[in-house]
Structures are given as structure tokens and as C-alpha cells.
Amino acid sequence: IILKSNGTMYGAGLNRNGQLGDTTSIDKAALVLIGTSNTWSIVSAGEFHTLAIKADGSLWAWGFNQNGQLGDGSFVDKNTPTKIGSDTWIAVAAGKSHSLGVKKDGTLWAWGRNFTGPLGDAAVIDRVQPVEIGTIKTWTSVAAGAGHSIGRRSDGTIWGWGNNSNGQVGVGPTLNVSSPTQIGTSTWV
């Protein structure tokens, strides 16, 4: 999935779960226009689902939804962009089976599969709608991996949580981390 400078979105490739958002579940060997909107500003493609934000701050999701990673309160796959919640999003990240977002007020939100703790809510239950993670209001960006998550705060610190079986969270021993934990003391841009 890619965005053009004019705000339109295109996709190609695997589409068995509707992750391209073109109303079908047919794989595409060439880029196809996704819908008619020209206000897309951010997009993140997970393994089988996609998240995107429009210029008005609205969050949209589509594709595979077995673990609630679309955040629409269901476990039903969607083959077209589906609006999720309010219009206050500035960052989003689609992982393998979980999703992350940051709202304009700096709060961190997560939803989807939570077996190894990638949502960061100190629980190991799946969430089918976005849930706020902690009370910190200084998050600026997020990234989602196969089962772990990374976030950056406005002071430049980096935080990790989730599956740490290979040290991918970056906080030392290979034990899973169920809530955001600071990675080192450096600051990052």
C-alpha cells in the first residue's frame, strides 16, 4: 500500500483478506487505486491488515480481523476502509496481528492480539477496540512488529514492549515485556 503526493492510495499484492481495501479478495499483480478519496495522509500495512489516517485525523482499517486488529469491535474481515473511532489520530502502526495509534493529545492506544504483550496494557487478552495504554500524553510515534511494539515520546526517549524472545524489545533479557519500558537512556529523532 502506498500514497501518492495527491493524497490517493494504491495497493498491490496479496489480498485474500481484503487487505488492499479495493472491495475484493483477489490478489493484484499491479497497483490499483483504492477507493476515490484523495485525503489519505498516513498508511501502515501489517501482515494481513492495513491502517490509514486521513488529513482530517480520522482512522481507517481493513483486511484480516481474526484478533480484532482492525479495532471496529468485531472479528469480521473488511475489504474496504472502515472508519474507527474519532478524528484525532496523528500516528498509526499495523503489526502482524495488533495495531497501535497515537492521538493528537499524545495518548497511546492499542488493539488486536495481545498474547505476548504487544498492546502494552499489562494484560494478555485481545482487544477488539482501541484501548488507552497508560496515562502518558507525550507519545509522538509508534512502530509494530510481529509481536512487539516500539514507541517514541516527545522527549526523544524510545520505549519497547511485547514479545522479547530474541531481544527485539531492546531491554535486555529475553523475557516478554507487558508494558512500555524505556530502551536505554539515549534520545532519538
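Data for the structure
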read-out: Separation of the residue 182 and residue 154 label points, Cα + 7 Å toward Cβ, nm; value: 1.7
read-out: Column: log10 I(q)/I(0), Debye, Cα scatterers of the chain, q = 0.18, 0.19 Å⁻¹; value: -1.13, -1.22
read-out: Convex hull volume of the stretch 98-189 per residue (C-alpha atoms, cubic angstrom); value: 80
read-out: Where 116, 185 fall by accessible area, highest first, once all protein chains stay in place (1.4 Å); value: 185, 116
read-out: Peptides 2-13, 26-37 ordered by average Cβ neighbours within 10 Å, highest first; value: 2-13, 26-37
read-out: Partner lysines for residue 4 [C-alpha distance under 28 Å; skip if fewer than 8 residues away on the same chain]; value: 28, 54, 78, 83, 96, 103, 104
read-out: q = 0.19, 0.20, 0.24 Å⁻¹: log10 I(q)/I(0) that the Debye formula gives for the stretch 1-98, counting C-alpha atoms only; value: -0.81, -0.90, -1.30
read-out: For peptides 55-68, 76-89, 163-176, sequence by mean Cβ density within 10 Å, most packed first; value: 55-68, 76-89, 163-176
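The values are calculated or read from the model by the stated rules, or taken from the named source; none is laboratory data. Here the structure is a predicted model, which is why all the values come from computation and not from measurement. Cβ sites come from the backbone with ideal geometry, for glycine too, and all protein chains shown count toward neighbours. For the accessible areas, the whole protein counts, side chains as well, though only heavy atoms, and no ligand, DNA or RNA atoms are used. Shrake-Rupley method; radii C 1.70, N 1.55, O 1.52, S 1.80 Å.
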